[in-house]
Amino acid sequence: MIATAEAAIQRQLTKAFIEADVLPVVLVRSTWTSDGGGGSVKGDPLPLAPQRMRLIPLGDGAQERFDANGESVRPSYKLLGLYDADMERFDEFVLNGSRYEIVFVTENRQYETKGEVAYRGGV
């Protein structure tokens with residue numbers, strides 16, 4: 001844990017960084033229910049309230065992750081939100097006609113929320 005004063009400053013810096021290239025992002029979250037055989041079935045997607053975030057291109061060397069379908073993907077972006085952003089693994093969103101999926105979210109949310117994002121094609 002970082003000190004309270006440091007967390008406050010880091011949160012201000014994160015907010016300023018997001019606002020420098022902000023995007024209104026509507027994350028869409030699907031519910032999952034048991035299929036009765038040890039697996040899960042994807043339910044109806046529910047859009048969340050718009051959030052102010054920043055989409056950052058990742059360089060080469062991003063670690064492979066698994067998407068909601070269990071396929072290996074290499075994230076090409078990082079989605080940055082405030083420390084209290086409502087973001088979960090497998091959330092999806094659309095920007096400028098392109099569909100994206102969050103394939104990993106960092107656990108440490110003391111001053112920011114970061115998700116690794118895979119491009120999933122056009123809508």
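Residue check: Gly70 meets all listed conditions (1) on the phi > 0 side of the Ramachandran plot; (2) surrounded by 11 or more Cβ atoms within 10 Å (Cβ to Cβ); (3) out of contact with any Ser or Thr (no Cβ under 9 Å at 6 or more places or on another chain) but one, namely (2). Name every residue in the range 87-107 that is in contact with a strand residue (DSSP E or B) (Cβ under 7 Å, 6 or more places away or on another chain) and not in a strand (DSSP E or B), in order of residue number. Residues satisfying the conditions are Met87, Glu88, Arg89, Phe90, Asp91, Gly97, Thr106. Does Leu46 meet the test of being touching a residue at least 24 places away in the same chain (Cβ under 8 Å) and under 24 Å from Gly122 (Cα atoms)? No: the conditions fail for Leu46. Annotation: Trp32 fulfils all but one of (1) under 14 Å from Arg120 (Cβ atoms); (2) more than 17 Å from the chain's Cα centre (by Cα); (3) surrounded by 12 or more Cβ atoms within 10 Å (Cβ to Cβ); the unmet one is (1). Under the condition of being in contact (Cβ under 8 Å) with a residue 60 or more places away in the chain and outside any loop (DSSP other than H, G, I, E, B), the residues counted in the range 75-86 number 2.
Selection of the range 109-123 for residues being among the β-branched types (Val, Ile, Thr) and either within 12 Å of the chain's Cα centre (by Cα) or within 22 Å of Thr14 (Cα to Cα) (or both) yields Thr113, Val117. Annotation note: of Phe104, Phe17, the sole residue that is among the aromatic types (Phe, Trp, Tyr), more than 27 Å from Val123 (Cα to Cα) and out of contact with any Phe, Trp or Tyr (no Cβ under 7 Å at 6 or more places or on another chain) is Phe17.
Here, each number is a calculation from the coordinates, and none is a lab measurement. Fair warning: this is a prediction, and the values are worked out from it, not measured in the lab. Note: ideal-geometry Cβ built from the backbone for every residue, glycine included; neighbour counts use all protein chains shown.
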